[in-house]
Amino acid sequence: MRIWAFACLLLCLPVHAPAGSTYRVKHPSIACGDDFALKALNDRTNQHLTDPQWRQATMVQGQCYTVTPDMRWEKIANRNGLPLLRRNPPIAGMPPLYFMASDIADITAPPPASGRPADTATPAPAPAKPADVTDPQATDSAVSPQAAPVIITHTDPPAPTDLFFMTGGFQKLGSMLLSALLALGAGWVLWVVYRMIMAFVGRRAALRQATALVERNAGLLIQRRLHAHEGQAAHGHAPAQQWQREVDRFCRTTLMPALAHEGREQYWAAIERKVLVCIEAVSTRARPRPDLRLVTAPVPYHADMTCAQYVSYCMGLLEKAGWDTRMSANAGQAATVIVATKDGLSMVVQCWTERRPVEEDIVRQCIAARAGLSARIAVVVSNAPYTQQAIQLGKSSRVFVLHHEELQKFASQVEAPQVA
């Protein structure tokens with residue numbers, strides 16, 4: 001590649017030397033294809049001149065050769081104050097080289113004029129020189145260019161490490177590859193950290209949602225646990241087995257659909273243990289038995305009735321309709337279940353005494369009470385209105401949603417043959 005570069009340089013640079021000029025070096029010298037390398041090797045102030053390794057590396061990189069006085073050269077250009085010469089005659093493989101101007105001499109220049117007149121007698125020839133003293137000028141004239149020996153000091157071709165150092169391309173390529181690998185590694189680490197953060201946030205959100213649902217259905221869970229431990233569950237299962245079935249059904253029918261609706265069902269395996277602990281804690285809260293003294297004295301209905309008074313009022317309406325009533329859950333809860341029996345027919349009545357509308361969760365609790373107590377009829381009675389979802393769920397699950405003013409009339413019209 002450097003030979004082609006020198007060839008292009010020869011085509012572009014003007015010729016400053018007159019045609020036919022021939023040069024030689026005054027003494028064995030160094031000529032280089034790179035002018036900077038030549039200047040560095042001839043710089044007396046350079047501290048590296050005494051370093052053989054540096055000198056050898058510079059000569060290899062600058063394509064430097066050792067030139068002897070018997071070589072003939074032709075000047076073709078000047079660059080940065082250095083003459084650029086080529087072999088005369090040219091030799092294949094030998095590129096043009098830069099020389100120090102002080103190291104070369106023009107051997108074709110005419111001798112200086114003597115200043116004598118033309119008719120002056122020719123002086124006697126000078127005595128012959130001793131045999132051991134040779135005239136370089138006469139020697140150069142006597143020896144023909146074809147017979148002159150060619151002495152070229154060849155150096156080893158640049159090793160791969162030298163080429164790597166000269167071009168710098170492999171360093172740049174390696175640096176680019178290393179930068180790309182570092183960027184990919186950093187991106188992968190950031191992606192893993194992002195996934196971990198999002199998974200942590202998702203688990204926290206799923207756990208909050210699940211525990212909120214457990215708290216909202218606390219009454220239902222308490223009631224189902226009571227039924228399991230009272231031995232009133234169907235199919236004769238043990239209380240612990242029946243309670244485990246109730247927990248599994250609650251998780252499958254209530255928690256999992258709610259998590260799937262928010263796109264968090266994949267976190268269930270991670271939060272299941274904590275949710276089960278929360279269910280156990282909610283379902284085992286202190287449940288004092290209802291104080292019968294509070295519910296045995298029916299009072300007329302008024303808007304500020306307490307839960308116990310409202311339950312007592314509803315029990316009185318059922319007894320007027322001919323039903324035997326008893327309590328089945330904590331009367332202090334907002335939704336309290338009354339078990340009424342008549343002629344072998346059982347009915348569960350869930351009383352809701354809060355002023356906010358009755359939601360579908362209360363209807364689900366009544367459905368669970370009907371299944372747990374093996375009752376034939378399920379009724380939700382309240383002094384508040386019902387939401388549209390609660391009404392639709394009551395129709396689809398055959399749960400009657402009534403106002404307390406309709407309870408006595410409804411209970412009077414129910415008979416065992418009609419319901420059977």
Problem set entry | Verdict on Ala384 being within 19 Å of Met327 (Cβ to Cβ), open to solvent by less than 50 Å² (accessible area, probe 1.4 Å), under 57 Å from the mean Cα position of the chain (by Cα) and among the aliphatic types (A, V, I, L, M) | no
For this session: Evaluate the following for Arg287: is it over 59 Å from the mean Cα position of the chain (by Cα), modelled with pLDDT under 85 and charged (D, E, K, R)?
Result: no
Exercise. Of the residues that make up region 48-56, is at least one in a loop (DSSP other than H, G, I, E, B) and closer than 21 Å to Ala105 by Cα?
Worked result: no
Exercise. Name the residues in region 314-352 that are at pLDDT below 85, within 20 Å of His302 (Cβ to Cβ) and open to solvent by 30 Å² or more (accessible area, probe 1.4 Å), would you?
Worked result: Gly332
Seminar exercise, completed: Across region 387-408, the tally of residues that are closer than 18 Å to Val337 by Cα and under 51 Å from the mean Cα position of the chain (by Cα) stands at 3
For this session: Look through region 63-91, keep the residues that are of a type in the set (Ser, Thr, Tyr) and in a strand (DSSP E or B), and return whichever of them is farthest from Asp35 (Cα to Cα).
Result: Thr66
Exercise. Exactly one of (1) modelled with pLDDT of 90 or more; (2) under 30 Å from Gly202 (Cβ atoms); (3) not hydroxyl-bearing (Ser, Thr, Tyr) is unmet by Arg252. Its number?
Worked result: (1)
For this session: Being free of Cβ contacts under 8 Å to residues at least 12 places away in the same chain and outside any helix (DSSP H, G or I) is the filter here, so list the residues in region 238-264 that pass it.
Result: Ala238, Gly263
Seminar exercise, completed: When His302 is run through (1) in a loop (DSSP other than H, G, I, E, B); (2) modelled with pLDDT under 80, the failure sits at (2)
For this session: Name, by its number, the condition in (1) at pLDDT 85 or above; (2) more than 25 Å from Gly263 (Cα to Cα) that does not hold for Pro157.
Result: (1)
For this session: Look at region 388-403 and say how many of its residues are surrounded by 18 or more Cβ atoms within 10 Å (Cβ to Cβ) and not hydrophobic (A, V, I, L, M, F, W, C).
Result: 1
Exercise. For region 1-41, how many residues meet the condition of being open to solvent by 50 Å² or more (accessible area, probe 1.4 Å), out of contact with any Ser or Thr (no Cβ under 9 Å at 6 or more places or on another chain), of a type in the set (D, E, K, R) and modelled with pLDDT of 55 or more?
Worked result: 1
Exercise. In region 187-211, what count of residues is obtained for those that are open to solvent by less than 70 Å² (accessible area, probe 1.4 Å) and either more than 23 Å from Ala258 (Cα to Cα) or not hydroxyl-bearing (Ser, Thr, Tyr) (or both)?
Worked result: 10
Exercise. Within region 353-371, can you find the residues that are open to solvent by 10 Å² or more (accessible area, probe 1.4 Å) and within 12 Å of Pro385 (Cβ to Cβ)?
Worked result: Glu354, Arg355, Arg356, Pro357, Glu359
Exercise. Among the residues of region 49-67, which ones are under 52 Å from the mean Cα position of the chain (by Cα), open to solvent by 40 Å² or more (accessible area, probe 1.4 Å) and not hydrophobic (A, V, I, L, M, F, W, C)?
Worked result: Asp51, Gln53, Arg55, Gln56, Gln61, Gln63
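The values are calculated or read from the model by the stated rules, or taken from the named source; none is laboratory data. The structure presented is a predicted model; accordingly, all values stated were derived computationally and were not measured. Note: ideal-geometry Cβ built from the backbone for every residue, glycine included; neighbour counts use all protein chains shown. Heads up: the accessible areas ignore ligands, DNA and RNA and are worked out on the full protein's heavy atoms, side chains in. Shrake-Rupley method; radii C 1.70, N 1.55, O 1.52, S 1.80 Å.
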